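Undergrad: I have a structure here, written as C-alpha cells, and I will follow up with some questions on it.
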C-alpha cells in the first residue's frame, strides 16, 4: 500500500493520500475553531459538522483496515501525527455528549473508535458544542 492506492468508498474511489489529506483538513479546521477563534465568536464549523468529522474518521479507519497498513509505514506515521493533533485539540467526553448528539456513535469508542469519545471544549467550536449541550439539557428538564 502507498499514498496512491485507491480505496472504494460508496460510489467513489479515492487514494489513501486523498483520504489522509481530507482528515488532515478537518483537523486543521478544528484547530482554527478551537485555537484561533475565541469563545463566543461564531465559527464556520458547527456541532453537526464536528459529528460528521467523527463519522469521516470512522470511514477512514474502515477504508484503511483491509489494506493492512504497517505501523511503521509512511501512511501510518502521517495518520498518527494527524490523530495526535486531533487529540491535543479535544478532550475526553466524560459526559457522553457525543453519543447524546448522535446515537449512531453509541458504543463505538469501546470498539476501538477512540475518536468518538473526544470533544472540543475550547474556542468557537467548544462554545458551539457547549450551546448544544445546554439546549439538550433544557429539553430533558
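The values are calculated or read from the model by the stated rules, or taken from the named source; none is laboratory data. Just so we're clear, the structure is a prediction, and the values are computed from it rather than from any experiment. Neighbour counts run over all protein chains shown; Cβ positions are idealised from the backbone, glycine included.
Undergrad: Given the residues 45, 30, which is the only one that is buried (at least 17 other Cβ atoms within 10 Å of the Cβ), touching a helix residue (DSSP H, G or I) at 6+ places or on another chain (Cβ under 7 Å), outside any helix (DSSP H, G or I) and in contact (Cβ under 8 Å) with a residue 40 or more places away in the chain?
TA: 45
Undergrad: Among the residues of segment 103-130, how many are touching a residue at least 24 places away in the same chain (Cβ under 8 Å) and either over 17 Å from residue 59 (Cα atoms) or touching a helix residue (DSSP H, G or I) at 6+ places or on another chain (Cβ under 6 Å) (or both)?
TA: Going through segment 103-130 one residue at a time, the tally reaches 17.
Undergrad: Residue by residue through segment 48-72, note down the ones that are over 16 Å from the mean Cα position of the chain (by Cα), touching a residue at least 40 places away in the same chain (Cβ under 8 Å) and in a helix (DSSP H, G or I).
TA: 67
Undergrad: Right, next: Counting just the residues of segment 52-64 that are in contact with a helix residue (DSSP H, G or I) (Cβ under 6 Å, 6 or more places away or on another chain) and at pLDDT 95 or above, which one comes out surrounded by the most Cβ atoms within 10 Å (Cβ to Cβ)?
TA: If we take residues in segment 52-64 being in contact with a helix residue (DSSP H, G or I) (Cβ under 6 Å, 6 or more places away or on another chain) and at pLDDT 95 or above, then 54 is surrounded by the most Cβ atoms within 10 Å (Cβ to Cβ).
Undergrad: Which of (1) crowded, with 16+ Cβ neighbours inside 10 Å; (2) at pLDDT 95 or above; (3) in contact with a helix residue (DSSP H, G or I) (Cβ under 7 Å, 6 or more places away or on another chain) does residue 100 not meet, given it meets every other one?
TA: It is condition (2) that residue 100 fails.
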